[in-house]
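Below you'll find the structure, written out as structure tokens, and then a few comments.
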Amino acid sequence: MTIESRLENMQDQLTNLIELLQISISSLNTKKSVSKFLNKSEKTIDNYIKNDTFIENKHYFYNENKRVEFIPFAIVEFKKNPTHKIKLIINDNTAADKLELSETTSKILKGLL
């Protein structure tokens, strides 16, 4: 088999895979399918909408029946790049003064920082 024929074969296989992927991704428009895909509960998906983890018109929109409909490619991107797991900690000295940690907890946190 020549290199050219192998490349053509690989191109055909990639085309088939892309078509199959597009078919499967297009089913990611309901809360149930999104929760299953992300391995989260439907309540978690509701919370993502409520606390703006999912952004309206980026991850979802409201259809003509006023129901939430998800945007499949944005959901796939959300799963690939989980920025929602990164939390910003604001350095507030007044809160730190009120917070008392045990000796063990302090040692653990010092080891992490």
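The values are calculated or read from the model by the stated rules, or taken from the named source; none is laboratory data. Just so it is clear, the model here is predicted, and its values are computed rather than measured. No Cβ is skipped: glycine too gets one built from the backbone with ideal geometry, and neighbour counts run over all protein chains shown.
Look through the range 4-33, keep the residues that are among the hydrophobic types (A, V, I, L, M, F, W, C) and touching a residue at least 12 places away in the same chain (Cβ under 8 Å), and return whichever of them is surrounded by the most Cβ atoms within 10 Å (Cβ to Cβ). If you could, list the steps in order and put the result at the bottom.
Looking only at the range 4-33, we keep the residues that are among the hydrophobic types (A, V, I, L, M, F, W, C), and these are 7, 10, 14, 17-18, 20-21, 23, 25, 28.
Filter once more, keeping what is touching a residue at least 12 places away in the same chain (Cβ under 8 Å): 25, 28.
Details: 25: 14, 28: 19.
Ranking the candidates gives 28 first.
Of the numbered criteria (1) assigned to a loop (DSSP other than H, G, I, E, B); (2) of a type outside the set (D, E, K, R); (3) in contact (Cβ under 8 Å) with a residue 24 or more places away in the chain, the one residue 1 fails is (3). With respect to being in a strand (DSSP E or B) and at pLDDT 90 or above, residue 61 fits the description.
Using the structure shown, decide if residue 36 is out of contact with any Asp or Glu (no Cβ under 8 Å at 6 or more places or on another chain), assigned to a loop (DSSP other than H, G, I, E, B) and surrounded by 10 or more Cβ atoms within 10 Å (Cβ to Cβ). The answer is no for residue 36. A single member of 69, 42 is acidic (Asp, Glu) and free of Cβ contacts under 8 Å to residues at least 24 places away in the same chain, and it is 42.
For beta carbons closer than 9 Å, sequence separation of 6+ or different chains, a first residue in the range 74-91 that is under 17 Å from residue 49 (Cβ atoms) and a second that is surrounded by 10 or more Cβ atoms within 10 Å (Cβ to Cβ) and modelled with pLDDT under 70, the qualifying pairs are 75/25; 78/84.
Of the candidates 43, 87, 66, the single residue that is at pLDDT 90 or above, loosely packed, with under 11 Cβ neighbours inside 10 Å, not in a helix (DSSP H, G or I) and not acidic (Asp, Glu) is 66.
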